[in-house]
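Colleague: Attaching a single structure in structure tokens format; questions to follow.
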Amino acid sequence: MYSLYKPLVFMLSPESAHHLTITMLKIAGNLAPTRALIKALYFPKMNGPAVDVMGLHFANPIGMAAGYDKDGDGWRGLSALGFGHIELGTVTVDPQSGNAKPRIFRIPEERAVINRCGFPNLGADYMLQRMNGHKPKDLILGVSIGKNKNVPLERAEEDYVQLMELFAEKSDYLAVNVSSPNTPGLRELQVKGRFDRLLRAVAEKRAALVSKFGKKVPVVVKLAPELQENEMDECLSVIMDTGLDGVIISNTSLDRHGLKSALGETEYGGLSGAPIMKHSTELIKTVMKRTEGKLPIIASGGVMNVHDAQEKLDAGAKLVQLYTGMIFEGPEMPGKIIHSGLRL
């Protein structure tokens, strides 16, 4: 079905097409009849395999990555497509407009996207309102949190801790995003001293929230794909030493290896899609080896079809997230992957 109207979608600018899609998902997801229609069209006839990880039960391993539903407007519509989990955000404490437009670039011939959005979002208060109300029984809802652009690195943990306080009660897990390439200086939070300081503050806050809300909210960390071997080892060591619950491998990439399009040279930003698939899978294998499989891995990067999703699981990931693949394959993508009969 998507193949019929995809040419019309691609006539719009990437950001215009995205906003239109989110608006449609928001409207359809908030009305029971239209939500049921989406589910009838796209929800897989068979679900699973179920995954129990981080103290949570996922109906299947396929999720929607952060960055798609930045403000929590479309997640009820997205849930009707069959996702086992949806990660909202990245959200910041205060609203911010992000980087100048145009900031998203499709590369159809290579099934890739370059973006330099810079955490545009309507802020924590808006998202909290959007999370009120009914949530599908089997849906795991995560929230990706980040610091505001104008907050100095020396005070970054204040933003992350405040966001944890705000979202712990309504979310099933939280993802600490320190790896977007589009917020100046953000990746410097992965430097050993700063990373240790931040995650210890996060771990301390998580412990306090257990007492406050009577439940443990798992916290995962999203890392950059360009970390050198020693840097990756240091980050993984801190994540495990602080007792956090998992790692997302990984964010979009500044590396242009394997990308043939001239946009790779002319447009700054994070690369996603098919060109980063292989490297992302190799990183998963590296993390598995370094942690001896003790740290749950959420795969995010380059999944464009059923084979890619299975490859991530075979490499050691517990969960697999989609994003760019949805742009090129459409709303039937999660259902197709789930219905294929994934093996854990």
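The values are calculated or read from the model by the stated rules, or taken from the named source; none is laboratory data. Here the structure is a predicted model, which means the values were calculated and not measured. So basically every Cβ, Gly included, is an ideal-geometry build from the backbone, and we count neighbours across all protein chains shown.
Colleague: Among the residues of the stretch 76-107, count how many are of a type in the set (Gly, Ala, Ser) and crowded, with 20+ Cβ neighbours inside 10 Å.
Modeller: Residues in the stretch 76-107 being of a type in the set (Gly, Ala, Ser) and crowded, with 20+ Cβ neighbours inside 10 Å: 6 in total.
Colleague: Identify the residue in the stretch 136-156 that is under 24 Å from PRO61 (Cβ atoms) and touching a helix residue (DSSP H, G or I) at 6+ places or on another chain (Cβ under 8 Å) and, among all such residues, is surrounded by the most Cβ atoms within 10 Å (Cβ to Cβ).
Modeller: ILE145
Colleague: Have a look at LYS289, LYS285 and point out the one that is under 17 Å from ASN251 (Cα atoms), surrounded by fewer than 20 Cβ atoms within 10 Å (Cβ to Cβ) and more than 18 Å from the chain's Cα centre (by Cα).
Modeller: LYS285
Colleague: Taking ARG187 as the residue in question, decide whether it is among the basic types (Lys, Arg) and surrounded by fewer than 22 Cβ atoms within 10 Å (Cβ to Cβ).
Modeller: Spelling it out, ARG187 is indeed among the basic types (Lys, Arg) and surrounded by fewer than 22 Cβ atoms within 10 Å (Cβ to Cβ).
Colleague: Report every pair of residues separated by at least 6 positions or lying on different chains whose Cβ atoms are under 7 Å apart, first residue within the stretch 79-100 and acidic (Asp, Glu), second buried (at least 24 other Cβ atoms within 10 Å of the Cβ) and not in a strand (DSSP E or B).
Modeller: GLU87/ALA65; GLU87/ALA66
Colleague: Could you tell me how many of the residues in the stretch 314-334 are more than 15 Å from the chain's Cα centre (by Cα), within 25 Å of ALA175 (Cα to Cα) and surrounded by fewer than 21 Cβ atoms within 10 Å (Cβ to Cβ)?
Modeller: Qualifying residue count, the stretch 314-334: 4.
Colleague: OK, next. Could you count how many residues in the stretch 292-306 are within 18 Å of the chain's Cα centre (by Cα) and either modelled with pLDDT under 95 or part of a loop (DSSP other than H, G, I, E, B) (or both)?
Modeller: The qualifying residues number 7.
Colleague: Another question, then. Of all the helices (runs of 4 or more DSSP H) wholly in the stretch 1-104, which have at least 3 residues that are out of contact with any helix residue (DSSP H, G or I) (no Cβ under 8 Å at 6 or more places or on another chain)?
Modeller: The helices (runs of 4 or more DSSP H) meeting that bar are 2-11, 14-29, 32-42.
Colleague: Let me ask something additional. Please verify whether ARG290 is farther than 19 Å from ASN60 by Cα and in contact with a strand residue (DSSP E or B) (Cβ under 7 Å, 6 or more places away or on another chain), treating the condition exactly as stated.
Modeller: No: the conditions fail for ARG290.
Colleague: Moving on to the next point. Counting just the residues of the stretch 196-221 that are assigned to a helix (DSSP H, G or I) and of a type in the set (Val, Ile, Thr), which one comes out nearest to the chain's Cα centre (by Cα)?
Modeller: VAL202
Colleague: Out of curiosity, is LEU174 closer than 24 Å to SER300 by Cα and outside any helix (DSSP H, G or I)?
Modeller: yes
Colleague: Kindly list, by first and then second residue, each pair from a residue in the stretch 299-310 that is among the charged types (D, E, K, R) to a residue that is part of a loop (DSSP other than H, G, I, E, B), limited to pairs with Cβ atoms under 6 Å and residues at least 6 apart or on different chains.
Modeller: none
Colleague: With the structure loaded, tell me whether LEU342 is under 19 Å from ALA59 (Cα atoms), assigned to a helix (DSSP H, G or I), modelled with pLDDT of 95 or more and over 16 Å from the mean Cα position of the chain (by Cα) or whether it fails that test.
Modeller: Judged against the criteria, LEU342 is not a match.
Colleague: Looking at (1) touching a helix residue (DSSP H, G or I) at 6+ places or on another chain (Cβ under 7 Å); (2) within 12 Å of TYR42 (Cβ to Cβ), which is the only condition ALA315 fails?
Modeller: Here ALA315 clears every test but (2).
Colleague: Report every pair of residues separated by at least 6 positions or lying on different chains whose Cβ atoms are under 8 Å apart, first residue within the stretch 243-272 and free of Cβ contacts under 8 Å to residues at least 24 places away in the same chain, second assigned to a loop (DSSP other than H, G, I, E, B).
Modeller: Hits for this filter: GLU265/ARG256.
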